[in-house]
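A short write-up of the structure that comes next.
The values are calculated or read from the model by the stated rules, or taken from the named source; none is laboratory data. These figures come from a predicted structure and were not determined experimentally. Here the Cβ positions follow ideal geometry from the backbone for every residue, glycine too, while neighbour counts run over all protein chains shown. Just the protein is used for accessible areas: all its heavy atoms, side chains included, with ligands, DNA and RNA removed. Shrake-Rupley method; radii C 1.70, N 1.55, O 1.52, S 1.80 Å.
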Amino acid sequence: MGSAFDPQEFLNSPQQAAFDTRFPLHRAGDWNGYIGADEKDISIRTVQVTDKETQQQIERQIMEVALYTEDPKAVGDGGTAPARCRLSVWLDTKDGGLDMSPGKNRQLGYLLAATGHQDKKGVQIKPWSRMTLAGARVKYRVAHSPRKDTGELTADVTQVAASA
């Protein structure tokens, strides 16, 4: 049996409905969860930033990693589990690859240690890729901060560690 919804009637009639477009805010705190397995859950984007030393515009890469938890306490108002939050990992690059110098790519190192790909000293345990990170269990901390442009609160992952 077909739907009683009439698309033409809908489009041609004045509507009184309004819809909340806000994304439910992941609650702050420490959560047990996992890295998303969708292709869009682990991606790299390029941004333009001002170099602190030269004041010139440069390109930087950020690896965006979506973390999820099934814990209903993490779900913001109006949302349903799983709660989703983003870890933004600024990548230090050099000569077309990752910069392996001491003190570089620490955020990535924390993620790799949390997923069992390396130890805390940076000694590799096993090779890693998007596919080996996808679905990995982790513990993560969420904090809220206001957006610079709108003041609207955002939820971001500030720490990641091995899941207990």
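Identify the residue in the range 58-77 that is acidic (Asp, Glu) and within 20 Å of GLN107 (Cβ to Cβ) and, among all such residues, is nearest to the chain's Cα centre (by Cα). Outline the logic, then answer.
So in the range 58-77, the residues acidic (Asp, Glu) come out as 59, 64, 70-71, 77.
If we keep only those that are within 20 Å of GLN107 (Cβ to Cβ) too, we end up with 59, 64.
Details: GLU59: 20, GLU64: 5 Å.
For the range 58-77, the residue satisfying everything is GLU64.
Does GLN55 satisfy being part of a strand (DSSP E or B), of a type in the set (S, T, N, Q) and over 28 Å from LYS139 (Cβ atoms)? In short, no.
Counting only residues that are under 15 Å from the mean Cα position of the chain (by Cα) and β-branched (Val, Ile, Thr), which one in the range 11-43 is nearest to VAL157 (Cα to Cα)? Filtering the range 11-43 for residues that are under 15 Å from the mean Cα position of the chain (by Cα) and β-branched (Val, Ile, Thr), the one nearest to VAL157 (Cα to Cα) comes out as ILE35.
Touching a strand residue (DSSP E or B) at 6+ places or on another chain (Cβ under 6 Å), of a type outside the set (D, E, K, R), touching a residue at least 40 places away in the same chain (Cβ under 8 Å) and part of a loop (DSSP other than H, G, I, E, B) - does that describe any residue in the range 7-24? I'd like the intermediate steps shown before the answer.
Going through the range 7-24, the residues touching a strand residue (DSSP E or B) at 6+ places or on another chain (Cβ under 6 Å) turn out to be none.
No.
Considering only residues that are open to solvent by less than 70 Å² (accessible area, probe 1.4 Å) and of a type in the set (Val, Ile, Thr), which ones fall in the range 134-151?
Of the range 134-151, the ones open to solvent by less than 70 Å² (accessible area, probe 1.4 Å) are 134-136, 138, 140, 142-143, 145, 151.
The answer is VAL138, VAL142.
Every residue in the range 127-141 that is within 15 Å of GLY36 (Cβ to Cβ) and either touching a strand residue (DSSP E or B) at 6+ places or on another chain (Cβ under 9 Å) or of a type outside the set (Ser, Thr, Tyr) (or both), please. Correct list: ARG130, MET131, LEU133, ALA134, GLY135, ALA136, ARG137, VAL138, TYR140. With respect to SER43, is the statement that it is of a type in the set (Gly, Ala, Ser), open to solvent by less than 50 Å² (accessible area, probe 1.4 Å), assigned to a strand (DSSP E or B) and touching a residue at least 40 places away in the same chain (Cβ under 8 Å) true? No, not satisfied. Filtering LEU91, LEU98 for residues that are closer than 24 Å to VAL49 by Cβ, open to solvent by 30 Å² or more (accessible area, probe 1.4 Å) and touching a helix residue (DSSP H, G or I) at 6+ places or on another chain (Cβ under 9 Å) leaves a single hit, LEU98.
If you check GLN107, GLN61 for being open to solvent by 50 Å² or more (accessible area, probe 1.4 Å), at pLDDT 95 or above, under 22 Å from VAL160 (Cα atoms) and in contact with a strand residue (DSSP E or B) (Cβ under 7 Å, 6 or more places away or on another chain), only one passes: GLN107.
For SER163, are the conditions met, namely being without any contact (Cβ under 8 Å) to a residue 12 or more places away in the chain, closer than 20 Å to THR69 by Cβ and not aromatic (Phe, Trp, Tyr)? Quick ask: steps written out before the conclusion?
Details: without any contact (Cβ under 8 Å) to a residue 12 or more places away in the chain: no; closer than 20 Å to THR69 by Cβ: yes; not aromatic (Phe, Trp, Tyr): yes.
So SER163 does not fit the description; no.
With respect to (1) assigned to a helix (DSSP H, G or I); (2) touching a helix residue (DSSP H, G or I) at 6+ places or on another chain (Cβ under 6 Å), the lone exception for ARG27 is condition (1).
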